[in-house]
Amino acid sequence: MTGLAFELLKTDGAARRGCLHTAHGLVNTPAFMPVGTAGTVKGMLPEQVKATGAEILLGNTYHLMLRPSAERVAQLGGLHKFMNWPGPILTDSGGFQVMSLTGLRTLDADGVTFRSHVDGSKHRLTPERSMQIQHLLDSNITMAFDECTPFPATHEQAASSMRLSMRWAERCKAAFTERSGYGLFGIVQGGVYEDLRAESVEALNGIGFDGYAVGGLAVGEGQEEMFRVLDVTTPLMLKDRPRYLMGVGRPSDIIGSVRRGVDMFDCVMPTRSGRTGQAFVRRGQINIRNARHAHDERPLDQECHCPTCTHYSRGYLHHLFKAGEMLGPMLLTGHNVWFYQDLMASLRSAIEEGRFEDVATAWEAGLAQGDIPATDDPLKTTAPVEV
RNA sequence: UCCGGCGUGGCGCAGCGGUAGCGCAGCGGACUGUUAAUCCGUUGGUCGUAGGUUCGAAUCCUACCGCCGGAG
C-alpha cells in the first residue's frame with residue numbers, strides 16, 4: 001500500500017493539485033491519461049504523445065492478453081519497452097469488458113469466462129489472473145478486477161454487483177505483488193445509489209489500496225447524475241490517495257469532476273473522436289467533415305499551439321477527411337490529445353494559484369459558446385439575380 | 001454504311017406492363033475504464049427525345065439523337 005507515493009500539493013475548494021510518484025516517473029494531477037488500448041495510442045507516435053504533455057498512458061489487460069499475450073509482452077521487455085513509452089502506465093483490469101462484451105461472456109462468483117473477439121477462442125479472467133497479467137505487463141498502476149455495473153440497475157442489482165466487485169477487490173489485493181513505484185487501485189461501484197457508494201468506499205478502505213477509482217459512471221446516467229454521485233462519493237475518500245474517474249470524459253465532464261475532487265481521468269473521446277472527424281476546441285466541438293470548413297484558412301483552435309494548429313488549416317484537414325487520407329485522423333487525434341492536456345495543465349495551475357473556480361468557469365463558458373463561423377467562401381459563385 | 005448492345009438522381013447500377021430502388025458521392029448526426037480510421041440518418045430522378053399500343057409504360061412498338069463494340 002505504500003508502493004505508490006501521492007503528494008497532495010494544494011487544494012482549492014474540493015479541487016486538488018497533486019503529484020504521483022511511480023517507478024517510471026512523476027504524474028502531475030489532475031491528469032488525463034490518453035488511451036493506448038493495444039499498446040499504442042491510435043494514430044500517434046509515443047514521442048508525439050509525450051509532446052502533448054501527457055505523463056501517463058492507459059493500457060488494456062483484455063486486449064493485450066488476447067494479442068499478443070501478457071507473456072509475450074513480458075518476454076519483449078514489458079509494456080513500456082514494448083511500445084516505447086518509458087513513462088508511467090496504468091492498465092485497466094479487463095473488468096469493463098465484462099460489461100461491454102455482453103453475449104460473449106459468462107460471469108460466476110470466481111471470475112469471467114469469455115470468447116475472444118479476435119478468433120472466438122475461450123478465455124478466463126479472474127481477479128488473480130488479472131493481477132498476474134498486469135504484473136507481466138509491468139503496469140505502474142494496476143486496476144482491481146471488477147464488474148462495471150450497467151445502467152440502469154435497480155438498487156438490488158447494483159448492490160449485488162458492487163459486493164461481487166468488493167469480494168474480487170479483496171482477492172486482487174491478496175494476489176497483487178507489491179513493489180516500490182507500483183500500485184494497486186480499488187474501484188468504487190454502487191451505481192447511482194449513495195448508500196452503496198458509501199458501502200463500497202468503506203469496503204475498499206478496509207482492504208487498503210494505493211488509490212481509488214470510481215467506476216460505473218458515464219454509462220448513460222447523464223452528466224448531472226454523474227456529478228451527483230461524485231458529490232456524495234469523493235468526500236468519503238481518504239484525502240491522501242489519488243482518485244481516478246474511469247472512462248471520463250468530455251471536457252465539461254472533466255472540469256466538473258476536478259471541481260468535485262477527482263485527480264485522474266482516461267477516455268477514448270479525444271482519440272476516437274479525432275479519428276472520426278470530431279475536434280475539441282475552446283469553443284466546443286467541431287466536425288471537420290462539415291462543408292463549412294472546406295475554405296476555412298483558420299486552424300482548428302486559434303489559441304492552440306499544437307503542431308496541427310500551428311501548421312494546418314481547417315480547409316486542409318477537411319480535405320484530408322473527405323479524401324479518406326490517414327493523415328486526417330492522425331492530425332485531429334494529435335490536436336485533441338494536446339487540447340485535453342492543455343485543459344489539464346490549465347486546471348492544475350489554476351488550483352496552484354487558488355483561482356480554480358474562475359478558470360473552470362471560463363473554460364465552461366467557452367465550451368458552451370460554440371464555434372465561430374468562417375467568413376464567406378471567396379470561390380463561391382454569386383447566383384444570377386435575374387431570371 | 002450495316003449489325004448488335006446500351007442510354008434510369010453527380011457517378012456506377014437494379015427494376016423490364018401497374019405511376020422508381022440500391023451502392024458510392026453529397027449533406028448531417030453519434031461516439032465517455034476502445035471488439036470501432038466506426039456506426040447511424042438523410043437531400044437529389046419521373047427513367048435520352050418524340051410519337052404509338054394499353055385501363056395503365058422506365059418496362060412493348062416506331063422514329064430520331066447519343067455512346068460503345070463488331071463488320072465493311
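Any read-out appearing in this document is the output of simple, stated calculations on the displayed coordinates, not a laboratory observation. The shown structure was predicted, so the numbers you read here are calculated from the model rather than taken from an experiment. All Cβ positions, even for glycine, are placed from backbone atoms using ideal geometry, and neighbour counts span all protein chains on display.
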The set of cysteines in chain A having no other cysteine's C-beta under 4.7 Å reads A:C19, A:C148, A:C172, A:C267, A:C306
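For chain A, what is the mean residue ellipticity at 222 nm derived from helices alone (per DSSP H run of n ≥ 4: -39500 (n - 2.57); sum divided by total residues; nearest 500 deg cm²/dmol)? Could the numbers behind the result be given before it?
Values: 15 runs with 156 residues, N = 387.
That comes out to -12000 deg cm²/dmol.
Is there a quick way to get the dipole size of region A:256-328? I mean about its Cα centre, with the Cβ of Lys and Arg at +1 and of Asp and Glu at -1; what is the value in debye to the nearest 20? Present the calculation step by step, with values, prior to reporting the outcome.
Values: 11 positive and 7 negative charges, 56 e Å.
Using Cβ point charges on Lys, Arg, Asp and Glu, region A:256-328 gives about 260 debye.
Check each of the GluC sites (Glu not before Pro) in region A:89-184 and keep only those in coil by DSSP with at most 13 other C-beta atoms within 10 angstrom; list them in order. Show your work: numbers first, answer last.
Numbers: sites: A:E128, A:E147, A:E156, A:E170, A:E178; in loops: A:E147, A:E178.
Filter output for region A:89-184: A:E178.
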From the Cα centre of region A:230-281 to that of region A:58-112, the distance in Å is 21 Å
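Just for chain A, what percent of DSSP beta bridges are antiparallel, to the closest 5?
On the way: 23 of 46 bridges.
Of those bridges, close to 50 percent are antiparallel.
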Stokes-Einstein D for region A:33-72 (25 °C, 0.890 mPa s, Kirkwood Rh from Cα pairs), in µm²/s, comes to 231 µm²/s
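Mean separation of Cα pairs under 8 Å and 6+ residues apart, divided by the residue count of region A:203-272: what relative contact order is that in percent?
Working: 74 pairs, mean separation 23.9, N = 70.
For region A:203-272, the relative contact order is 34 percent.
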One computes Rg over Rh for region A:137-271 from alpha-carbon atoms, with the Kirkwood Rh, and obtains 0.94
Long-range share for region A:59-149, i.e. C-alpha pairs more than 22 Å apart as a percent of all pairs, stands at 23 percent
Candidate cut points under trypsin sites (Lys or Arg not before Pro) in region A:143-240, DSSP loop plus at most 15 other Cβ atoms within 10 Å of their own Cβ, are A:R179, A:K239
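Treating only the Cβ of Lys, Arg, Asp and Glu as charged (+1, +1, -1, -1), what charge dipole size does region A:146-192 show about its Cα centre? Round to the nearest 20 debye. Display every interim value, and only then the final one.
Numbers: 5 positive and 5 negative charges, 31 e Å.
My answer is approximately 160 debye.
When only C-alpha pairs under 8 Å and at least 6 residues apart count, what is the relative contact order of chain A, in percent? Write down the numbers at each step before the final one.
Details: 765 pairs, mean separation 68.5, N = 387.
Across chain A, relative contact order equals 18 percent.
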For chain A, the dipole about the Cα centre with charges only on Cβ (Lys and Arg +1, Asp and Glu -1), to the nearest 20 debye, works out at 880 debye
Comparing A:T375, A:T22, A:T177 in a Gaussian network model of chain A (Cα, 10 Å), the one with the largest mean-square fluctuation is A:T375
The equivalent-ellipsoid semi-axes of region A:203-265, taken as the square roots of five times the Cα gyration tensor eigenvalues and listed largest first in whole Å, are 20, 12, 10
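Under 8 Å for C-alpha pairs, at least 6 residues apart: give me the relative contact order for region A:1-115, rounded to a whole percent. Intermediate values should be presented prior to the final figure.
Values: 151 pairs, mean separation 22.0, N = 115.
Relative contact order for region A:1-115 comes out at 19 percent.
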For region A:314-358, listing trypsin sites (Lys or Arg not before Pro) in a DSSP loop whose Cβ sees at most 14 other Cβ atoms within 10 Å gives A:R355
Along the dipole axis of region A:233-331 (charges at Cβ: +1 for Lys and Arg, -1 for Asp and Glu; origin at the Cα centre), the most positive-end residue among A:I254, A:H305, A:Y316 is A:I254
Rg/Rh over Cα atoms for chain A, Kirkwood Rh, comes to 1.00
The helix A:194-207 Cα axis meets the longest alpha-carbon principal axis of chain A at an angle in degrees, between 0 and 90 and rounded to 10, of 60 degrees
For region A:248-372, Rg(Cα) over 2.2 N^0.38 Å is 1.06
The base-10 log of I(q)/I(0) that the Debye equation returns for region A:1-116 at q = 0.15, 0.19, 0.22, 0.23 Å⁻¹, one scatterer per C-alpha, is -0.80, -1.08, -1.21, -1.25
When the charge dipole of region A:63-144 is computed with +1 at the Cβ of Lys and Arg and -1 at the Cβ of Asp and Glu, the Cα pointing farthest to the positive end, of A:G94, A:S130, A:S69, is that of A:S69
